[in-house]
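Data first, discussion second: the structure below is written as C-alpha cells.
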C-alpha cells in the first residue's frame, strides 16, 4: 500500500474544538466526560459532549442529513486552518487565497487572530466599511469568489464550502491547471 500524505488535520472531541484544545486538555490531564445530560430520560452515566454543538447547525443544503455526527463533521471542517492549508498546497501553482474581515474593529485584533490560529499563508485583509459583501451582492458570509489568471471571475460560492472535499478540490484544480 502506498503511503498516504496527510497535510492537514483537526480534531473535535469532548476535550474541545481543534488541535490546540486537545493538546491543552491532555497537558492539563483534563478529561472530557461529564454526567449524562443528553435527552429527557438521561441514564445515570458519564458521556463526552462537545460544548455548543447544538448551536452549529448544518448548512441548509445538508439539513436532510441533520444529526449530531454530521454536525461534528461539519464543525471539524471549519477549524484548524483548512483555508491556510489550501493556500500553502496550491501556492506553487499560482493560487492566492485572500481572506477579508468585514469588521469595524482594529487591525490588531485580526492580526492577533491569524497569529493565534497559526495561519501564515493567509493575509489579514480588512474591510471596515463592510462594502465588499455589497459589491458581490450575495448577502451571505462567507462568500468565495474564484478568479482565473487573467482576473476573470470563474466561480462563486455563497456560504460555507468544504474546500478539502472532492468538489472543492476539483474547483481549485480546474482553476490552477
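Figures for the structure shown
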item: Residue that is farthest from residue 161 (Cα to Cα), among those in region 90-105 that are at pLDDT 75 or above and surrounded by 11 or more Cβ atoms within 10 Å (Cβ to Cβ); result: 93
item: Per-region count, region 106-140, residues loosely packed, with under 14 Cβ neighbours inside 10 Å, on the phi < 0 side of the Ramachandran plot and part of a loop (DSSP other than H, G, I, E, B); result: 6
item: Test: residue in region 76-91 that is more than 18 Å from the chain's Cα centre (by Cα) and touching a residue at least 12 places away in the same chain (Cβ under 8 Å); result: yes
item: Pairs, first in contact (Cβ under 8 Å) with a residue 60 or more places away in the chain in region 161-177, second part of a helix (DSSP H, G or I) and surrounded by fewer than 16 Cβ atoms within 10 Å (Cβ to Cβ), C-beta under 6 Å, six or more apart; result: 176/93
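The values are calculated or read from the model by the stated rules, or taken from the named source; none is laboratory data. Just so it is clear, the structure is predicted and the values come from calculations on it, not from any experiment. Here Cβ is always computed from backbone atoms with ideal geometry, including for glycine, and neighbour counts include all displayed protein chains.
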